[in-house]
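Notes follow the structure.
The values are calculated or read from the model by the stated rules, or taken from the named source; none is laboratory data. As the structure is a computational prediction, the values presented were derived from the model and not from experiment. Reconstructed Cβ throughout: ideal geometry from the backbone, glycine too, with neighbour counts over all protein chains shown. Heads up: the accessible areas ignore ligands, DNA and RNA and are worked out on the full protein's heavy atoms, side chains in. Shrake-Rupley method; radii C 1.70, N 1.55, O 1.52, S 1.80 Å.
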Amino acid sequence: MLTVEGLSKRFGGFLAVNQVSFDVRAGEILGLIGPNGSGKSTTFNLIAGNLRPSSGSIRLDGREIAGESAHVVCHQGVGRTFQIPRPFRKLSLLENVTLAAFYGEAGRISRLDAERRAVEALGMVGLPSDAAASTAGLGAAALKKLELARALATKPKLLLADESLGGLDRAEMERAADMLLDIRNRLGITIIWVEHIMGVLMRVVDRVIVLDHGEKIFEGKPGAAAADPRVTEVYLGKAQA
Ligand SMILES: Nc1ncnc2c1ncn2[C@@H]1O[C@H](COP(=O)(O)OP(=O)(O)OP(=O)(O)O)[C@@H](O)[C@H]1O
Ligand SMILES: [Mg+2]
């Protein structure tokens, strides 16, 4: 579905993403992991059109999308969540997600259909969709659910989930993992899941890619990643001789 080839992003003299290549197959959940600052969110920003690549190619179902604007990429079927949720605080949950439904259709959808789609997306993530439900007092887990609902309302075929479940407790992390599994299994949406800790992600993903300092250092099955010396070195530090 997605083919990334030789993708690089330079910020001044700093190479945040360095010649990264990978494929995403239709229907899979691909984990994209790596320590803080390894280039995961930047990779998402490049795919989703929030940043322009310095070089490289990104093809979605064979069509080049590298350098396209975010709304164009969204309309091609790529939905994304942001690592730091920034909902419209003065709008209800329903209004937030309804706006996303409008965005996903470039406004070519009736208010009623957009709201219907928003109710469905909120239901999928387990958030209330009544008009009184507001963003006030939402905790980290609920804000992440709202991000997911906003992305789902754009009707993606590929979902880029920048989850980073750091602020969540163990049970909330497990539920977040199950939710992504459910989204893939029930809606048939292909997913790339970004995380900086390996933990719960490994139970859910079909394959995993590991980034370190902007470079891909591993690609394969989750079980093999945990046994790979380069991966354990990045996560646990180099074993002393
Ligand atoms: N707009 C920018 N300008 C300059 N440097 C940036 C910019 N965006 C990201 N960086 C740098 O690029 C590197 C990769 O950042 P990125 O956000 O992709 O990391 P990450 O893997 O998502 O980390 P985390 O797990 O902490 O979310 C970091 O060193 C970061 O400071
Ligand atoms: Mg990040």
Kirkwood-based shape ratio for the range 84-155, expressed as Rg/Rh from alpha carbons: 0.93
Computed accessible area, Glu233, all protein chains, 1.4 angstrom probe, square angstrom: 80
Rounded accessible area per residue of the chain, 1.4 Å, Å²: 46
Residues of the range 37-59 with amide N under 17 Å of a point placed 7 Å along Cα→Cβ from Arg230: 38-40
The range 84-155, accessible surface, carbon-and-sulfur percent (1.4 angstrom probe): 57
Pairwise centroid distance, computed over Cα atoms, of the range 1-78 with the range 126-195, Å: 21
For the chain, calculated [θ]222 nm from helices alone, where every DSSP H run of n ≥ 4 adds -39500 (n - 2.57): -11000 deg cm²/dmol
Acute angle (nearest 10 degrees) that the helix 140-152 long axis makes with the longest principal axis of the chain, alpha-carbon atoms: 80
Relative packing of peptides 203-209, 74-80, 128-134 - highest average C-beta neighbours within 10 Å first: 74-80, 203-209, 128-134
Convex hull per residue volume in Å³, alpha carbons only, for the chain: 129
Loop trypsin sites (Lys or Arg not before Pro), the range 107-173 (other Cβ atoms within 10 Å of the site Cβ: 12 or fewer; DSSP): Arg108
Electrostatic dipole magnitude of the range 84-155 [Cβ: Lys, Arg +1; Asp, Glu -1; Cα centre; debye, to 20]: 200
Lys, Arg +1 and Asp, Glu -1 on Cβ, resulting dipole of the range 1-98 about Cα centre, debye, nearest 20: 400
Helix axis angle, 93-104 relative to the chain longest principal axis, alpha carbon, degrees: 70
Angle between the chain longest axis and helix 111-125 axis [Cα atoms, degrees, rounded to 10]: 50
Accessible area, probe 1.4 Å, largest first, for residues Thr42, Thr81: Thr42, Thr81
Cα-centre dipole for the chain with unit charges at Cβ (Lys and Arg positive, Asp and Glu negative), debye to 20: 360
Contact order normalised by residue count of the chain, Cα under 8 Å, 6+ apart, percent: 26
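Quote the relative contact order of the range 84-155 in percent (integer), defining contacts as alpha-carbon pairs under 8 Å separated by 6+ residues.
It comes to 47 percent, rounded to a whole number.
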